[in-house]
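Participant: To start, I am sharing the structure in question, which I have written as structure tokens.
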There are 2 protein chains.
Amino acid sequence: MHISRDLLIKSIQHVFKALSNNSHGILSGLYIYAGNEEVIFRGSNVSLTVQYKACITDSKIHIFNEGSIVCPAKYLYEIIRKLNDGNVILEVNEQLILSITSGNTRVCLSGMSPIDYPFIPTQDHQQTGNGIDVSCNSLKYLIKQVAGACSTSEGKPILTGVSLEVQGNQLTMTATDGVIRMATGSICIKNGMGFSGSAVIPGVNLIEIVKLLDDDHGMVTIQFSPHEIRFITQNQLIESVLIEGLYPPTRNLVPTSHVSEIILNIKSFRQMIDRVFVLADYHLITMHVSEKKLELISSTAEIGDVRDTLFLEDKNGVNFSISINGKYLLSTLRCIESDSIRIRFTGTMSPLVLLPVLEDSTWLFLLNPVMRRINV
Amino acid sequence: MHISRDLLIKSIQHVFKALSNNSHGILSGLYIYAGNEEVIFRGSNVSLTVQYKACITDSKIHIFNEGSIVCPAKYLYEIIRKLNDGNVILEVNEQLILSITSGNTRVCLSGMSPIDYPFIPTQDHQQTGNGIDVSCNSLKYLIKQVAGACSTSEGKPILTGVSLEVQGNQLTMTATDGVIRMATGSICIKNGMGFSGSAVIPGVNLIEIVKLLDDDHGMVTIQFSPHEIRFITQNQLIESVLIEGLYPPTRNLVPTSHVSEIILNIKSFRQMIDRVFVLADYHLITMHVSEKKLELISSTAEIGDVRDTLFLEDKNGVNFSISINGKYLLSTLRCIESDSIRIRFTGTMSPLVLLPVLEDSTWLFLLNPVMRRINV
């Protein structure tokens, strides 16, 4: 087939990210299928499979014969990236050699048979009734807010996943590492067709999916199956495996009352944590709230210490002090697209509750305190 | 003293690069001296010492008391980088604590006594007669062209250095790894005062010096001493140790005749090597020159091969084939600021000679062939 280098690069980039760096055999390859009406590119690391469809109605493609091949992804991508702009001709012969011709450059790559390559069965969820539609941008924002709170240790595999729950017209995601932090948030379903259900998706896959989904104002269809979940847009089809097991209940972790509440400018707070973080052994930062000020204190043994002060936008309740892990606080604040944040102090041994200031946002973040040191 | 954050960042950045990542004790520190007329910042890894001078005539500094300190460089740099813009107050107390105050931020860093910190004696080379002046930009370009050809193995320490030779009004640099490649080039001395001499400088230091020297159209004074060499600009003073020993003669390595000469567009040639490089086992690339064309061929076992063709700008002499290490060819071409390059073929077992097309450039690069494989 003939295809423009631009479109070829774009298509390969879409699926390339799904490939693992250290995969061998067929999974080190990228699947290409040229059909009558479309060219399909697919990459997979077993846990996550990504497919991109380029339509021949796009005048940048001309297909002569139907066919498919799996070819070494890393080499294919590097070569295409380095070709001069213009038309690229891809041909596959009977010995499974993919030849790539562009201008004065001719590359031959040994391919593999596509028979064993991971396959994504297509279903019409309007018929099966196991899917929902959500806004692509809302979905990406929800994942960013929640997925970072997953556990990264394999001790309890279920906690390395994010819980997805569909109920009524709400999609809710929840993640926790079971020790320090918990995050949750919801978005509205645009077209649910009465479906309700739940699934636990590997957090690393969800974080990858945020990067994979095109930045657009369109919709994503999420299709639930017993063992997989699919995210479908016009040109993309992303399939992730699920983590088996029951996600632990998290609702009872959220404190129902608080003794103090402050409201802060997120940007200034973030910059301030960033500064004190330079001298924070074990990421430990102590917060002192008194009157209308928040003071952060941290130190590094034998090197020095830092103190920084920020004026609060608002405060209700008593003064308080608490020591927290600044790393988790900083990574949470980085995911919040808002000017201000509400922080509730619920006691020296209970979690801080981070909440949006605006009523129409639905996320919530819990951060457990660190045992306080005597001298800071 | 009071100093603007901008100027402080700039000063620290200048000397920070000289510090090694894994240095301990006093050398993990950055030296700061506040005098009556200037603030001096200094960083050192013993082999290379860099000093930057900020003048108090610059209204961005106000000094209250003379004093000096050595403080933990990594922490200092990170903290200053993260401060808000504005004025920074630096104070040193008798316990060698450096306190940094800026806005609502206050940092205390444990310092070290500056007594043991590497020192650069200053001399006036107009009196000692051991120095030369050259254009800063020409010097940087010369180093880029030559220093990459140094050996990186410690087998023959002298070859990890670059030979500098001052004779008449020429500064000549030469480097070779003793096996595959040799590079040499010259620039004019602007103000030599009759000095002639030579030195061998660690190649890694020269490469660092290119990054350290400000991009400007000014002059650099190079001062030769028996054990050190200094590069001096208005605000900077960079001192490198020398490698002891006699640099081997290299003039006899350059072939005096050739059987074929081609002229190529550098940019196209570079892009072409970059492409074939994707499939080049052991960086091996075969060049075939026939009629007015250069064909490059390379391959990766079990993956595939690539062939690429480029039309020559000019050719004199016979057709030829030679196999070379593409990595060295590519890194050389990246250092040449010119549209075209002249390549001389001097025989299957002799080096390729790379030369400028323009007569007023003086560099020369030799690249020995690699034993050819039977099947490509």
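Derivation of every value follows stated rules applied to the coordinates shown; laboratory data play no part. These figures come from a predicted structure and were not determined experimentally. Cβ atoms come from the backbone with ideal geometry, glycine included; neighbour counts cover every protein chain shown.
Participant: On the rotation axis linking copies B and A, which residue of B comes nearest by its Cβ, and by how many whole Å?
Facilitator: B:Asn21, 13
Participant: Also, I was wondering about something else. Just want to confirm a number: the relative contact order over chain B, from Cα pairs under 8 angstrom separated by 6+ residues, in percent.
Facilitator: So the answer I get is 13 percent.
Participant: While we're on this one: Between A:Asp6 and A:Val210, what's the calculated FRET efficiency when r is the beta-carbon distance and R0 is 25 Å? Round to 0.05.
Facilitator: That pair, A:Asp6 with A:Val210, gives E of 0.55.
Participant: Could you order peptides B:131-137, A:200-206 by the average number of other Cβ atoms within 10 Å of their residues, highest first?
Facilitator: Top of the packing list down: A:200-206, B:131-137.
Participant: Relative to the present Cα-Cα distance, how much length would full extension add between B:Asn137 and B:Asp360 at 0.36 nm per residue of separation?
Facilitator: 78.7 nm
Participant: Then there is this: About its Cα centre, how strong a charge dipole does the range A:65-145 have in debye, to the nearest 20, once Lys and Arg get +1 and Asp and Glu get -1 at the Cβ?
Facilitator: Roughly 480 debye, rounded to the nearest 20.
Participant: Aspartates and glutamates within cross-link reach of A:Lys267: Cα-Cα under 13 Å, excluding same-chain residues under 8 positions apart?
Facilitator: Straight-distance partners of A:Lys267: A:Glu313, A:Glu337, A:Asp339.
Participant: Can you classify the range A:246-324 as rounded, prolate or oblate using the Cα gyration tensor, where a ≥ b ≥ c are the square roots of its eigenvalues, rounded means a/c under 1.5, and otherwise it's prolate if a/b beats b/c and oblate if not?
Facilitator: oblate
Participant: Cross-link partners among lysines for B:Lys17, C-alpha distance below 29 Å, same-chain residues fewer than 8 apart left out?
Facilitator: Hits, sequence-local ones excluded: A:Lys327, B:Lys53, B:Lys60, B:Lys74, B:Lys82, B:Lys140, B:Lys144, B:Lys156, B:Lys190, B:Lys211, B:Lys327.
Participant: Under a Cβ-only charge scheme (Lys and Arg +1, Asp and Glu -1), can you give me the dipole magnitude of the protein assembly as shown about the Cα centre, in debye to the nearest 20?
Facilitator: The calculated dipole for the protein assembly as shown is roughly 380 debye.
Participant: If you don't mind, another one. Contour minus end-to-end for A:Asp281 and A:Val318, with contour as 0.36 nm per residue of separation and end-to-end as the Cα-Cα distance?
Facilitator: 10.5 nm
Participant: Still on this model: Enter the Cα centre distance for the pair the range B:323-355 and the range A:184-210, rounded to the nearest angstrom.
Facilitator: Taking the Cα centre of each part, the range B:323-355 and the range A:184-210 sit 56 Å apart.
Participant: Amide H to amide H under 5 Å from A:Ile243: which residues, 5+ apart in sequence or cross-chain, H placed 1.01 Å off N in plane?
Facilitator: Amide H neighbours of A:Ile243, under 5 Å, 5+ apart: A:Val200, A:Ile201.
Participant: Something else: In nm, to one decimal, how far is the A:Leu96 label point from the B:Lys60 one, both placed 7 Å along Cα→Cβ?
Facilitator: 6.2 nm
Participant: Averaged over peptide B:302-315, how many Cβ atoms belonging to another chain are found within 10 Å of each residue's Cβ?
Facilitator: That average works out to 4.
Participant: Note the angle between two axes, namely the Cα long axis of helix B:136-147 and the longest principal axis of the Cα atoms of chain B, as a number of degrees from 0 to 90, rounded to the nearest 10.
Facilitator: Approximately 50 degrees, to the nearest ten.
Participant: What residues have an amide H closer than 5 Å to that of A:Val259, excluding those fewer than 5 places away on the same chain, when H is modeled at 1.01 Å from N in the peptide plane?
Facilitator: Those qualifying (amide H under 5 Å, at least 5 residues apart or on another chain) are A:Phe345, A:Thr346, A:Gly347.
Participant: Which parts of the range A:289-310 would a label at B:Ile89 reach, counting a residue when its backbone N lies under 18 Å from a point 7 Å out along Cα-to-Cβ?
Facilitator: A:305-310
Participant: GluC sites (Glu not before Pro) within the range A:213-263: which are DSSP loop residues with at most 12 other Cβ atoms inside 10 Å?
Facilitator: In loop regions of the range A:213-263 (DSSP not H, G, I, E or B), the sparsely surrounded GluC sites (Glu not before Pro) are A:Glu244.
Participant: What does the structure give for A:99-109 when I average, per residue, the other chain Cβ atoms found within 10 Å of the residue Cβ?
Facilitator: Across A:99-109, the average partner-chain Cβ count within 10 Å equals 5.
Participant: At B:Asn319, label 7 Å along Cα→Cβ: distances to the other copies, nm, ascending?
Facilitator: 9.0
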